[in-house]
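Student: Here it is: the structure, laid out below.
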Amino acid sequence: MSKIKVDFKDLDYVENINDLIMLKDLEKGTKAIKKKGEVYLDRYFKEDSKKYALRSKKAVFKNFFSTILWNTSSLLFRKSPEIDFVKKFSDFFENVNGEGDSLQSFMHLLAKNAIRDGLSYIWVDNEKIEGTLTKTATVQPVFKNIERADVFSKRFEVVNGRKILTQFVFRTFIEEDIDGFATQSSEIYVVLNIGSGKVYKKNKREFELIDSWENSLDYIPIVPVYSKKTGFFEADLALLDIAYANIKHYNKLSDLDHITYMTNAPILALYNFNTEGKDNVVIGSNNALLFEDKQSGGAEYIQPNGNGTKDLKDFIADLETYITKMSIDLITKDSFKTATEAKLREKRSSLFLVEIAESLETAINRALEIAEDFAGIKYNATVKLNKDFEDLKLDANTIDKLIKLKSENMISLETLWDALNKGEVLKLLDYEKEKLLIKEEQSNLIM
């Protein structure tokens, strides 16, 4: 039995893991955000645990991030990708990950995760790792999406002036039988090297080797997909500012709820009331307050000044506009002062989408080549994605107008994104439906 420590974390993991976890929590939505408590919802100074728990329970999380993520990724597939393959290999292309997903469905998932994390990976394996964990060279290849947050470390070497990947360590899960009646998910660690691979399972503080294999490949079958590439296996987090703004929005909505509650509750004020010898004051239908002089003493209910509520509502509205503007800035064409300047940059508009499409197309075709190496056959397949985003027709000035309509509650966020997805100038016909959508969106903004 071989044991070795395999949980070394490289710089990319250490620097980005907390943000990557936040991005995934935001995608999951309310349950994931509320489960983390003070990680995402700040506790007030001197707020006790009971009051915080009550405020946290009532807090509303309005998920802009997930909507933006899915809408942005869907823009990549406004036109279906061209997937050319021989019909006799249909079984592979209709189930590329061994879990029933077609190549196109797998590409959707991969694109979404790459946009969310800045970088995601395809692992080309030659058998599902779930189950027996054995390796044979005759089984059908499978594609697995390895998320950036699960990659512990990477090692590189420079060979003939070219940087190559020499080790890739990541975490994944397998389902194990329990007494033949149930299964449990177990965490395992895969270490890929050129020409070999090993699988470890954590056993207390050690890592137990449970499987290993060798292959004839002179490279590691890992392919990166980027959304904001900064280097070889390196990328920024394109949606990070939007994520932090969404968390701030979550906190400010809770602040508004709290302030509204406080200012809506009248407070009893007592004037020149003699409290000597009294531990407390009881007010009710069978009790009375005694004052010597109506002019010098008395009691009344007063309404606290809630002027700050309007300022907070305005801040929240501005924050929502800011989030929307940031999300659309990712995919819009730039505004230019002159026609010449616009012409020079025409082909570079929607660069974010173009770069993702090019990276995804390159990665999928490379993964197909690796699959051929594993299977020992030629699929002779090609994948081509649409990269012509010029037909979106919506320049920055037009989109600024749409955002203004949204900020003034003239259109809903759903309608705004629908216009972007269709690449059309807005043609609003059903005003009553639009009013209902806007009302639904505003229901989370406590007035």
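Student: Against the conditions (1) without any contact (Cβ under 8 Å) to a residue 60 or more places away in the chain; (2) touching a Ser or Thr at 6+ places or on another chain (Cβ under 6 Å), where does residue 96 fall short? Just the number, please.
Tutor: (2)
Student: Go through region 39-86 and count every residue that is of a type in the set (S, T, N, Q) and at pLDDT below 90. Outline the logic, then answer.
Tutor: At the first step, the residues of region 39-86 found to be of a type in the set (S, T, N, Q) are 49, 56, 63, 66-67, 71-74, 80.
Checking which are at pLDDT below 90 leaves us with 67, 71-74, 80.
So the answer is 6.
Student: How do the pairs read when you match residues in region 67-85 that are among the basic types (Lys, Arg) with residues anywhere that are assigned to a loop (DSSP other than H, G, I, E, B), using Cβ under 9 Å and keeping only pairs 6 or more apart or on different chains?
Tutor: Pairs that qualify, where the first residue is among the basic types (Lys, Arg) and the partner is assigned to a loop (DSSP other than H, G, I, E, B), are 78/386; 78/423; 79/385; 79/386; 79/388.
Student: For region 198-207, state whether one or more residues are in contact (Cβ under 8 Å) with a residue 40 or more places away in the chain and under 20 Å from residue 369 (Cβ atoms).
Tutor: Scanning region 198-207, I find no residue that is in contact (Cβ under 8 Å) with a residue 40 or more places away in the chain and under 20 Å from residue 369 (Cβ atoms), so the answer is no.
Student: Quick check, is residue 21 within 22 Å of residue 241 (Cα to Cα), β-branched (Val, Ile, Thr) and touching a helix residue (DSSP H, G or I) at 6+ places or on another chain (Cβ under 7 Å)?
Tutor: Answer is yes for this residue.
Student: When the residues of region 170-200 are narrowed to those that are closer than 25 Å to residue 215 by Cα and aromatic (Phe, Trp, Tyr), which ends up surrounded by the fewest Cβ atoms within 10 Å (Cβ to Cβ)?
Tutor: Filtering first and then ranking leaves 173.
Student: Being aliphatic (A, V, I, L, M) and either without any contact (Cβ under 8 Å) to a residue 24 or more places away in the chain or within 17 Å of residue 384 (Cβ to Cβ) (or both) is the filter here; which residues of region 105-119 pass it?
Tutor: Pass one, region 105-119, residues aliphatic (A, V, I, L, M): 107, 109-111, 114-115, 119.
Correct list: 107, 110, 111.
Student: Would you say residue 15 is out of contact with any helix residue (DSSP H, G or I) (no Cβ under 6 Å at 6 or more places or on another chain), of a type in the set (D, E, K, R) and farther than 30 Å from residue 368 by Cα?
Tutor: Details: out of contact with any helix residue (DSSP H, G or I) (no Cβ under 6 Å at 6 or more places or on another chain): yes; of a type in the set (D, E, K, R): yes; farther than 30 Å from residue 368 by Cα: yes.
Against the criterion (out of contact with any helix residue (DSSP H, G or I) (no Cβ under 6 Å at 6 or more places or on another chain), of a type in the set (D, E, K, R) and farther than 30 Å from residue 368 by Cα), residue 15 qualifies.
Student: Which residues, counting only those in region 367-382, are crowded, with 17+ Cβ neighbours inside 10 Å and either part of a helix (DSSP H, G or I) or among the hydrophobic types (A, V, I, L, M, F, W, C) (or both)? Before you say what the answer is, go through the steps one by one.
Tutor: Keep residues of region 367-382 that are crowded, with 17+ Cβ neighbours inside 10 Å, which gives 367-368, 370-371, 373-375, 379, 381.
Answer for region 367-382, where residues must be crowded, with 17+ Cβ neighbours inside 10 Å and either part of a helix (DSSP H, G or I) or among the hydrophobic types (A, V, I, L, M, F, W, C) (or both): 367, 368, 370, 371, 373, 374, 375, 381.
Student: List the pairs whose first member sits in region 134-151 and is surrounded by fewer than 20 Cβ atoms within 10 Å (Cβ to Cβ) and modelled with pLDDT under 95, whose second member is among the small types (Gly, Ala, Ser) and part of a helix (DSSP H, G or I), and whose Cβ atoms are under 8 Å apart, counting only residues at least 6 apart or on separate chains?
Tutor: 140/375
Student: Could we say that residue 112 is in the same structural domain as residue 191 (by TED's automatic domain parsing) and at pLDDT 95 or above here? So that I can check it myself, show each step before the final result.
Tutor: Working: in the same structural domain as residue 191 (by TED's automatic domain parsing): yes; at pLDDT 95 or above: yes.
Yes.
Student: Restricting attention to region 201-229, which residues are of a type in the set (Gly, Ala, Ser) and buried (at least 19 other Cβ atoms within 10 Å of the Cβ)? Walk me through how you get there before you give the answer.
Tutor: Step one: filter region 201-229 for residues of a type in the set (Gly, Ala, Ser), giving 212, 216, 227.
The answer is 227, and nothing else.
The values are calculated or read from the model by the stated rules, or taken from the named source; none is laboratory data. This is a predicted model, so every value here is computed, not measured. So basically every Cβ, Gly included, is an ideal-geometry build from the backbone, and we count neighbours across all protein chains shown.
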